[in-house]
Amino acid sequence: MENKVARVKMRNITKRFGPVLANDRVWLDIYQGEILALLGENGSGKTTLMNMLSGIYFPDEGQIFIDDKEVLIRSPKDAFDLKIGMIHQHFKLVDVLTAAENIVLGLHDGKRLDLEKVKTRVREICDAYGFDVDPDEKIYNMSVSQKQTVEIVKVLYRGADILILDEPTAVLTPQETDKLFAVLRNMRNDGKAIVIITHKLHEVEDLSDRVAVLRQGQFIGDMPTRESSAQEMTNMMVGHPVTLNIERPEPVDPKPRVEVKNLTVRSEEGVLKLDDVSFTINSGEILGIAGISGCGQKELLEAIAGLQPTESGSVIYINDNGTKEELIGKDPQAIADKGVALSFVPEDRLGMGLVANMDLTDNMMLRSFRRGRSFFTDRKTPKKLAEDVVKELEVKTPSVNTPVRRLSGGNVQKILVGREIASAPTVLLTAYAVRGLDIHSSYTIYDLINKQKQSGVAVVYVGEDLDVLLELADRILVLCDGKVSGIVDGRGAKKREVGLLMTRVGGKDE
Amino acid sequence: MNKQNQFHIVKRGAMPWYFGWLVRGIAIVLALLVSAAVTTILTGEDPLQVYATIFHGAFGTKRKAWMLGQNMAILLCVSLAVTPAFKMRFWNIGGEGQVLMGGLATAACMICLGDKLPNAVLILIMVIASIAAGAVWGVIPAIFKAKWNTNETLFTLMMNYVATQLVAFFVIVWEVPKGAGKIGIINQTTEAGWLPVIGGQKYLLNILVVAILTVAMHIYLKYSKHGYELTVVGESERTASYVGIKVEKVIIRTMLLSGAICGIAGLLLVGGTDHTVTTTIAGGRGFTAVMVSWLAKFDPLVMIFTSFLLVFLDRGAGEISTVFGLNHSFADILTGIILFFIIGSEFFINYKLSFHKAGKEEKHV
């Protein structure tokens, strides 16, 4: 990297969304043959900046130079013509088409489509970088990591040599992540310029050559990765020194709170989602649930919360005085009517946990609006609650009358968790509570969850970051293909061991 | 990369409250200018005279002003009816059929019970029957939607045709005199079942009833638990089930209400003003109501203005076609131009265009 060539130069890039300044005169260089990690908290403008490079947004001000020539990128097609390709957090693939068909989709060179030629070219790309894709496989048959691979091949097929990956590892297992990183290193050695957006600092240290940090839309600085440290990067992102340890207080008087026995769930299409799952959730303890995406975590939590029809099995809630309550067959309202204080922070925050178009007060009301005999709603109490949550959890919002869709991801999650905790639950189910959240917000959430545990709440924490699960949970239940693959003690558990349990029931090495 | 004068659509940020009204005002002025140009080019008439005639058609005489009020009241009533359904994202375009059924039930009571009951009892039965008929017509698609997730747009639309045919059938059953193909004024001599005339004004009762309904609907949507529930269901059914709202129940309850209010519109038309029933009494209001409701963004109080606007344009347009001897289609052209500008202005309230020239400074419009 002695003679570094800057492929991309972004100069004074400014982008506003209404009153929000998403990017404020950002300067950024992207070099050939280098992996650049773009860091920053939520809402710091990383994705916005990259979206302007890939033609999704157009900058309000500023200039972009590719190979020292000024360019205007108005559409993803313009970006492709400049050999820029972005792999988004949410895949943009057509499920019913094959990998090869998805890869050529939208390309038209005027000639007849020769799918055989496409497949050959796809295989060449795969061989060159070590991908594992069958061009004839339909997307809906693919795992998340395979879909991601298709996205990367798609971009390479179009000749991209500037690649942008937006949080590519959020959905991958540790093993899949290692594979992806190996491929990315191959591409770098092949002379491509690569940008990766991520929140996971150990990945940054592991993979990148250089880090650039954004904070509140502004470029803070960049440096070679090996000359920096996780602590320094965090401080730059947050703007002040922070500690990076997750606490794990001892469980508080753990007693069985919920017993799940032989739970079996099928999806509407008849696919087995949970297969004879049994375990116990204790009060005053955090039960972590690990597993690759789609292994049944979602169905498990929704079945306990009364949102998922089950085929067989039981979920028994045990009161303090020893009396038991069967939760299967009851909807959320019936569960609440039985006096079971169950709170649920679902994965889909704006599609399920909250109503995006409603303001903070109305969202607080979702849980409590039925209270009282009156025909009319009481808005004073939820307004007070909204104000309290905003104050206590340091939610950044113009007012409690702002629709939650206007808030950034971390603040949305604080509202949701704040509301769920406010009802003084005895069981707290959380699904990907810190997904997409920056470090600062994540630690706020860990803190809140720990406080619940210390006050005797039975907490279930479904997480995707194994490092966090290993630091936070008292016990970890590993799911694999809807089966319980193992339950390990959080203290002393090894990442590799849990990783293997996630991919194979029982975790036996091949 | 050499395309010039590219423009982009950019969402506006928070604008001061009067900004929206300013844009709408400009839109109306532009609409009037374009209409004037079209009028002069196509007909050679003086556009100012045409506008004066529109105004005269709407307000010119006392009778015309009352007619305006009556038309506005019925349109607003149907709009109020479809609004809770729309807020729940249930696309009830069956207002037409629900009004017809309400009207048919009213007429049935008047014809069959006309001379057999005291008037007060008869009117009470008419009220109940019309509300029930409208509600039943509204709730049938709702039940299918709730239980089997059928498409409510098609379903409610088809129910309109069924209602029209039912009315056509009963018109023949009850036709007076035989062979006339129409019912004529029901109970013309006894006036049995005619809703009372208050203050000596035929239309005042209808206007008062709808005024009360408007306020009630505003309160229902904004402050009641039902209103909150149906808004949540409309925004996200998943969120609704997550907090334990019974989605099926809310859909059925809301459509009962929606149909019931359409039934009231039928009652006001048949019992209050027309005193007869035909297949066209609803007069397309079931569809115009969709526009009233959307233009007002489902706010009952704003719907007072949007329903006024549409009725005003319609009444005025009718007048110019008679006064200037123009085809009625010409009036529709003017209405179309004005609506186009008003609806189009919403775009400029939320977005702006920004133009780029390669390598040069940018302009915002």
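The values are calculated or read from the model by the stated rules, or taken from the named source; none is laboratory data. Predicted model, so just to flag it, every value in this text is computed and none were measured. Cβ placement follows ideal geometry from the backbone for every residue including glycine, while neighbour counts extend to all protein chains displayed.
Annotations for the structure displayed:
- Criterion: in a loop (DSSP other than H, G, I, E, B), within 26 Å of A:G490 (Cβ to Cβ) and out of contact with any Leu (no Cβ under 9 Å at 6 or more places or on another chain) - qualifying residue of A:G294, A:G329: A:G294
- Filtered residues of segment A:336-361 (kept if touching a strand residue (DSSP E or B) at 6+ places or on another chain (Cβ under 9 Å), facing another protein chain (nearest Cβ under 9 Å) and either within 15 Å of A:A424 (Cα to Cα) or not hydrophobic (A, V, I, L, M, F, W, C) (or both)): A:A336, A:F344, A:P346, A:D348, A:G353, A:N357
- Pairing residues of segment B:223-250 that are facing another protein chain (nearest Cβ under 8 Å) and more than 11 Å from B:M88 (Cβ to Cβ) with residues that are among the hydroxyl-bearing types (S, T, Y) and buried (at least 21 other Cβ atoms within 10 Å of the Cβ), at Cβ distances under 8 Å and at least 6 apart in sequence or on separate chains, gives B:Y223/A:T377; B:S224/A:T377; B:K225/A:T377; B:Y228/A:T377.
- Test: B:V302 is in a helix (DSSP H, G or I), closer than 24 Å to B:N160 by Cα and within 17 Å of the chain's Cα centre (by Cα): no
- Residue match in segment A:133-141 (condition: over 17 Å from A:L163 (Cβ atoms), in contact with a strand residue (DSSP E or B) (Cβ under 8 Å, 6 or more places away or on another chain) and among the acidic types (D, E)): yes
- Failed condition for A:K15, given (1) charged (D, E, K, R); (2) over 22 Å from A:G409 (Cα atoms); (3) within 14 Å of chain B (Cβ to nearest Cβ): (2)
- Complete set of residues in segment A:448-472 that are over 20 Å from A:G294 (Cα atoms), in contact (Cβ under 8 Å) with a residue 12 or more places away in the chain and in a helix (DSSP H, G or I): A:L448, A:I449, A:N450, A:Q452, A:K453, A:Q454, A:L470, A:E471, A:L472
- A:T48 of a type in the set (V, I, T), within 28 Å of A:N186 (Cα to Cα) and over 25 Å from the mean Cα position of the chain (by Cα): no
- Among (1) in a loop (DSSP other than H, G, I, E, B); (2) surrounded by 19 or more Cβ atoms within 10 Å (Cβ to Cβ); (3) free of Cβ contacts under 8 Å to residues at least 40 places away in the same chain - the single one B:E175 does not satisfy: (2)
- In a residue-by-residue description of segment A:370-383, the property of being surrounded by fewer than 18 Cβ atoms within 10 Å (Cβ to Cβ), touching a Gly at 6+ places or on another chain (Cβ under 7 Å) and within 7 Å of another protein chain (Cβ to nearest Cβ) applies to no position.
- Figure legend. Inter-residue proximity from segment B:312-331: first residues on the phi > 0 side of the Ramachandran plot, second residues assigned to a loop (DSSP other than H, G, I, E, B) and among the polar types (S, T, N, Q), beta-carbon distance below 7 Å, spacing 6+ or different chains. No pairs are indicated.
- Against the conditions (1) under 14 Å from B:S241 (Cα atoms); (2) modelled with pLDDT of 90 or more; (3) assigned to a helix (DSSP H, G or I), A:F344 satisfies every one except (3).
- The lone criterion from (1) outside any helix (DSSP H, G or I); (2) under 20 Å from A:Q333 (Cβ atoms) left unmet by A:R367 is number (1).
- Residue among A:L448, A:L501, A:L479 that is among the hydrophobic types (A, V, I, L, M, F, W, C), outside the structural domain of A:C295 (by TED's automatic domain parsing) and touching a helix residue (DSSP H, G or I) at 6+ places or on another chain (Cβ under 8 Å): A:L448
- When A:K324, A:K330 are checked against the criterion of being more than 16 Å from B:S236 (Cβ to Cβ), basic (K, R) and either crowded, with 20+ Cβ neighbours inside 10 Å or more than 11 Å from every other protein chain (Cβ to nearest Cβ) (or both), a single residue qualifies: A:K324.
- Flag for A:L360 being under 29 Å from the mean Cα position of the chain (by Cα) and surrounded by fewer than 22 Cβ atoms within 10 Å (Cβ to Cβ): no
- A:D190 vs. criteria out of contact with any helix residue (DSSP H, G or I) (no Cβ under 9 Å at 6 or more places or on another chain) and either of a type in the set (A, V, I, L, M, F, W, C) or loosely packed, with under 15 Cβ neighbours inside 10 Å (or both): no
- For segment B:150-169, filtering for residues that are more than 12 Å from B:F90 (Cβ to Cβ), surrounded by fewer than 20 Cβ atoms within 10 Å (Cβ to Cβ) and either touching a Lys or Arg at 6+ places or on another chain (Cβ under 6 Å) or not β-branched (V, I, T) (or both) leaves 8.
- Among (1) crowded, with 21+ Cβ neighbours inside 10 Å; (2) free of Cβ contacts under 8 Å to residues at least 24 places away in the same chain, the one test that A:G410 misses: (2)
- Residue among A:I84, A:I56, A:I103, A:I66 that alone is away from every other protein chain (no Cβ under 14 Å) and of a type in the set (V, I, T): A:I103
- Strands (runs of 3 or more DSSP E) wholly inside segment A:159-276 containing at least 1 residues that are at pLDDT 85 or above and closer than 30 Å to A:S312 by Cβ: A:256-266
- Strands (runs of 3 or more DSSP E) wholly inside segment A:36-121 that include at least 3 residues being assigned by TED's automatic domain parsing to the domain that holds A:R185 and surrounded by 16 or more Cβ atoms within 10 Å (Cβ to Cβ): A:61-66, A:84-87
- B:F90 being of a type outside the set (A, V, I, L, M) and over 30 Å from B:G259 (Cα atoms): no
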